[in-house]
Structures are given as structure tokens and as C-alpha cells.
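S.K.: Handing you a structure now.
Where a number appears in this text, it was derived from the coordinates with a stated rule and is not lab data. Please read all numbers here as calculations on a predicted model, not as lab measurements. Heads up, the Cβs are rebuilt from the backbone with ideal geometry, glycines too, and the neighbour counts pull from every protein chain shown.
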């Protein structure tokens, strides 16, 4: 029988909680646990709930120190609580105490490596601290060897003084130190990267090296230790100038470099090429077939962006999906050793080029790439057509090119600007803009057709319940295709959700073009609406989308769907999708490998991986099934459903090919209406990307055997897969 000591304090704490006195209740719980250790496990969950309520009040009042004290006291009482460790990690993460947050997530996972929420938070922290492009850049031997050759060609031993601008992990500084310069100053605005560069340069014996944790444009001459005779930089993005390299170089020339200094790279040139690529077109513009379906054929509907003027893609993966229609044309050429030219370029407000059409067809996208002329003898290119391209950088996609039919030898003008130091393609004022989620959803023609294909069955089913004029519908997809079809068949009302105000305006245009009265429609906007907004209403049909475009399940929308199904669906009403299954396959993929793990052989065998690889993540999103390079090693398996219960389950996966497995590739199979055909999301142009759970170290698997995969599901329905072999 449980010792009664402390239980009076528990009862008093509950009363205080009922009265909203969370601080006093929190103290009473702690007091009770100090009196009677045996009752801790029985009352931990309600104690955590009170602490959450208290901390929410304190955070609203901006009393962050009090929140920290509460978590500290809670962990003193429950030192092995993975939930409290994770919650404190989230709090520290939010407040910017990244090292301490790291410790708490790591400790939670050491106690229970199947704990999904802590692992997702840990991955988010790692992604914030070290962006994934560092891995692909450092694994790019073409880029690394070119920079190393250029540095060896240029540096004058025991004479040059060097500034490494945006050093990252310090690889260029390591290469420069091979040439025995007098001194190297390397700078980076990220504290994590500066600390990594310090550790890496020290371990690899770089003498006379200073690491400064500042953006170069914030540095003073004393930070650099005097003016430098040589500048090294790789601060480029897919659009060449998007990482503010022009501003950084102008500042360096005016403040950090001698008059006779040199820059590596010495020059750069940016090219554009007109192409037809339906895959890219569907990423950024509403395609003609869905415009016809929605009866908005004459509209130009493009993706809504804010500060971005282009996107980045690995165009070389697209193979036959892309056809180059024009020649490649030089848009901008710049001499990094000429400060006045840099100033003139950054003020360029207009640039026109004439593209020569090489093949009759359609131009629906414009692709940009660049050459870096490191020296007169060493060049790097990101041209997707080249077998010797550097894959550290992707290509720039200028997505506002309205499709145009062209004939061989036509001359097509294109207009750009470089306001603020970032290339921008002139945009047509007639363009309507909607969110990326809505574009992707509508351009998934196969999914839209699947929705259309179930409308007949839906109407027959609903017709057995009520007249169509009485049917009420909820459709929470990125665009309410299902709801629109039912309204056009006479349904009474539709409640739907729009991601942005621009989406709402587009919805209204479509409804009006299809003669659907707006008075029958309620449009919820953004992510602020909640379950309470539905009040006591009941609906005949509810269609919920629970997916993020990246491939992850949106836990807020999942909880919303479960609530609507339980509390707002009339008896025997129709809920869509009828079922969702998580599908997966064990694979090996070189691309996944080099984007998440550094190999020292790719950085001239310097010891860098041991410093960078702790920032590896265990899960990647936004996997493009149409272009991912991978080899299947197992059969396709069902790993769970959207209704899978909390806990851990081992699933044996049959292996069909020998190999070193490094990931479990996942997608979803969706059954919209029971007993109708399922549709999978591992399709090209699907509005939902794939996800992968990464295995490190790799695991060797053999054909004819089975590999165990752990499926972990937490209380919110978040999941992860872990591939392992029994000891």
C-alpha cells in the first residue's frame, strides 16, 4: 500500500491548479515528492501538466529566468525524465542557448533512443547550427582540388598575408597554410562555424592562423591584424551573388586589403539559358491542365515568394525531363580585383540579354549557372550540362518566366536587374501569386483526378443521408477541390482553409468563375484558426490533409483531423481520406550520404570529418522521388498507418539485394474513399515529397534475409524508423 505521506500536498496542489494558482501548485508537488519519493512516478504526468501551464503564463510575461528555474527544479526531482529533458531542451533552444539545448536532447536520447520528439528537436538544432550545404560542399572534390590548385599557384610563401572571407570549416585556410604565408586571418559570422574552424585549423597544424567570429563587413582593420595581400572566398550561392559577396568584397577592398592585393577567385561570370522543364514549371506555376479544370485558363498563377528572386535546384539530375531551348548567354561578368567595377555592378538596375533559340519549342523556365575563374589557369563551373561541374552549388531557377512558344533562330530578349546585389528577373504585373503548397497541390494532376474520381461515389453515399442541397462539407486541403466539386453539384456549404490572404483571393476567383456563390463558403486563413472555431457544427463530409509539402505529417493538422472526425462528423458521415499507410523501403544512396556525412578523402585527407560529422541528422525531408539517385535493397513494406498507436514495434523487412544500406526511404499510400483505388506519394510531381531516415554507420544486408526496422511513435503521432541489427 502506498505511503500516504505527501498526498495531502498533492490534493492541495490539485485545488490550486483548479483555481489557476499554478506557481503554488508547482511548489506543492515538489514538496510532496520530497516528502515521499515513492509517489513520484504516479504523479509525474500531472506535475508536468501543471509545470507546462505555469511556464506558459511565465513566458507570456517574459519571465524566462523563472521558467529556467522551474525546469531545473523539475529535473532535480526527475533527473531521468526524458520528457522534461526534452522540454527543457526546447526551451533552451528557443532562447538561443544552443549548447545547453544540445546537452538536454542528447541526454534524453541516451536514456531512450526511440524517443521521437527529442530526436526531431535535436535534428532541428543541428540543421540550424550547421546548414546541410556544408556537407555537399566539402564532399565536392572538383571544387576542393580547384581551389587548392589556385591557392598553390597564387600564394607567395613567407610574403603573402591572407584574409579568408566566410571561412566555414576553414578548409581554404588549411590549403593556404600549405604554402607558408606570413599570416592568415579567417572570419565567419557563425559562432559554430568559427569554433569548428578553430578546432580544425589547430588539429591540422595550421600555424600563424587567426579565426575571427564576425561577418567580414563588421570587421575593423585591427580585427584582421592589418591589411592583407590576398583574399580567399567561396561565399557564393546558386545565383552567384546571393550571399552578399559583392558587398563583402567592396568592404574588404576599402578596409582590409592593400592596393596591390589579389582575390581568389579573380573573376566570375553568370550565364542564363532558356529551357523547357515541365517538372520545374509545375513547381512554380499553375499548369495549363489544372487551369482548365478550374476554369481559369487565361490567368498566370505563380508561386508566392517574399524576398527570394530565384530558387535552387540540382538541374543535372533531371536528364530527359529538361530540354535546353536557347544557347547559354553570359548575363554578368565581374572582375573581383576591381573595386570600382564591383560598385558599378551592385548598382546595376537593368540588364538585357538576347537569347538565340536553338530549337523550336516552349521556354517555361530560365536556368542560371556560373563560372568561377579562380586564376587564369583554374576554372570552376556549375553548368548542369558539364561532366566536370562542381556540385557544391545548385543551379538558379528563375521561375517567373511566363511560358512562350519559340521557333529556331528566334531572338528572345530577357531582362534582369541586380538591385541590392541579388539577380532578379523582371516580373510581369499580370501574375497572380499563391502559396507554394497550393501550387504543388493543384499541379499534382494525378491526385486531383483521384479526388474527381471519387465524387460520384461520394454523392451516391451522401444522397442516402440527405438531399444534396442540405449537404455541408469541410475541405482542409491546400485547395478545396473536393469541396468545389460538391458545391458545383449543389451542396449547401463549404468550410475550407487558405494558407494566405492571396490564396483566399484566388479561391474566391475560382469559385466565381465556376458560378459558386461566395455566401455558401467560409474560408479560414493561415494557421491561427483552431478546433474551437467549429463550435457545435456537424458536417456530412470532412476531407482533411495532414501532410506538409516536405513529406512530414503536420501534427497540428493531424490533431485537427482527429477532432473533427470525433466531434463534428454527423453519424455515418463521410471522412476522407479513409486510410493512410506509411510505406518504406531500405535503400542505399550516394547522394543522401554526401549530403549528410563528410569523408576526409574528399578534403585532401585532412582531419575535418570528426569535427563536422557530429552535426549529422537522422532524418531528411523534401526528397524528390522523380530524381533521387538510389538503389532499392528491400521489398516495399507497410511501416504503419496514421492511426498507429504510441510505442515501439519491430518490423522485419525482406532484403532483395546485397548492399550497404544507409537509409529507409518513406512515402504514403492514401485511400480517399474506402474500397476505391489507393494513390501513393512516391510519384514525380506529387505534392508531397518523400522523407528518409538515415542509418549511420551503414549496415550490410544480404538478399534472402530480413532486416529489423524499429518504428517508434510518440503520443502526438510523430514517428521515426530506425534500422539496426541485433548485437
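S.K.: When ranked by the protection proxy of mean other Cβ atoms within 10 Å per residue, highest first, what sequence do the peptides 461-470, 168-177 form?
M.R.: Peptide ranking by packing, descending: 168-177, 461-470.
S.K.: Could you rank the peptides 612-620, 36-44 by their average count of other C-beta atoms within 10 Å per residue, with the highest value first?
M.R.: Output ranking for 612-620, 36-44: 612-620, 36-44.
S.K.: I need the Debye-formula profile for segment 7-129: one equal scatterer per C-alpha, no solvent, reported as log10 I(q)/I(0) at q = 0.17, 0.21, 0.22 1/Å, two decimals.
M.R.: Reported log10 I(q)/I(0), two decimals: -0.86, -1.17, -1.23.
S.K.: So what does log10 I(q)/I(0) come out to for segment 579-723 at q = 0.09, 0.13 Å⁻¹, using the Debye formula with one equal point on every Cα and no solvent?
M.R.: Here the Debye-derived log intensity ratios amount to -0.31, -0.63.
S.K.: Give the calculated FRET efficiency between residue 710 and residue 404 to the nearest 0.05, with a Förster radius of 45 Å applied to their Cβ-Cβ distance.
M.R.: After rounding to 0.05, the efficiency reads 0.30.
S.K.: On average, how much area does the Cα convex hull of segment 184-249 cover when viewed from any direction, in nm²?
M.R.: Computing the convex hull of the Cα atoms and averaging its projections yields 4.9 nm².
S.K.: Here's a follow-up. So what is the diffusion coefficient of segment 191-331 in µm² per second by Stokes-Einstein at 25 °C and 0.890 mPa s, using a Kirkwood Rh over Cα pairs?
M.R.: Result for D is 126 µm²/s.
S.K.: Sorting check: for 437-447, 549-559, which peptide has the highest mean count of neighbouring beta carbons within 10 Å, and how do the rest follow?
M.R.: 437-447, 549-559
S.K.: Continuing with the same structure: Could you check how many percent of all C-alpha pairs in segment 528-645 are farther apart than 25 Å?
M.R.: For segment 528-645, the share of Cα pairs beyond 25 Å comes to 48 percent.
S.K.: How large is the convex hull of the C-alpha atoms of segment 141-234 per residue, in Å³?
M.R.: Once divided by residue count, the hull of segment 141-234 is 82 Å³.
S.K.: Looking only at the chain, where both bridge partners belong to it, what percent of the DSSP beta bridges are antiparallel (to the nearest 5)?
M.R.: Around 70 percent of the beta bridges assigned by DSSP in the chain are antiparallel ones.
S.K.: Normalising by the residue count of segment 354-427, find the relative contact order in percent from Cα pairs under 8 Å and 6+ residues apart.
M.R.: Relative contact order of segment 354-427: 40 percent.
S.K.: Return the whole-Å distance between the Cα centroid of segment 565-595 and the Cα centroid of segment 44-66.
M.R.: If you average the Cα positions of each part, the centres end up 33 Å apart.
S.K.: What does the C-alpha gyration tensor say about the overall shape of segment 390-510? Classify as rounded when a/c is under 1.5, otherwise prolate if a/b is larger than b/c, or oblate.
M.R.: Because a/c hits 1.5 or more and a/b exceeds b/c, segment 390-510 counts as prolate.
S.K.: To continue, here is another question. Taking Cα pairs under 8 Å and at least six residues apart, what relative contact order does the chain come out at, in percent?
M.R.: That works out to 10 percent.
S.K.: Assuming 0.36 nm per residue, please report the length gained on full extension of the stretch residue 203 to residue 141 beyond their Cα-Cα distance.
M.R.: 20.2 nm is the gain from fully extending residue 203 to residue 141.
S.K.: With only alpha-carbon pairs counted, each pair once and no self-pairs, how large is the Kirkwood hydrodynamic radius of the chain in angstroms?
M.R.: Over the chain, the inverse of the mean reciprocal pair distance is 29.1 Å.
S.K.: Right, another one. What is the Å³ per residue value for the convex hull set by the Cα atoms of segment 274-337?
M.R.: Enclosed volume per residue, from the Cα hull, is 146 Å³.
S.K.: Once every DSSP H run of n ≥ 4 in the chain is given -39500 (n - 2.57) and the sum is divided by its residues, what mean residue ellipticity at 222 nm do you get, rounded to the nearest 500 deg cm²/dmol?
M.R.: The per-residue figure over the chain is -10000 deg cm²/dmol.
S.K.: Can you give the direction-averaged projected area of the convex hull of the alpha-carbon atoms in segment 459-498, in nm²?
M.R.: That works out to 2.5 nm².
S.K.: Suppose the Debye formula is applied to equal point scatterers at every Cα of segment 437-576; what is log10 I(q)/I(0) at q = 0.09, 0.13, 0.19 Å⁻¹?
M.R.: For segment 437-576 at q = 0.09, 0.13, 0.19 Å⁻¹, log10 I(q)/I(0) is -0.24, -0.53, -1.22.
S.K.: Computed over the Cα atoms, what is the radius of gyration of segment 267-431 divided by 2.2 N^0.38 Å, N being its residue count?
M.R.: Cα Rg divided by the expected 2.2 N^0.38 Å: 1.08.
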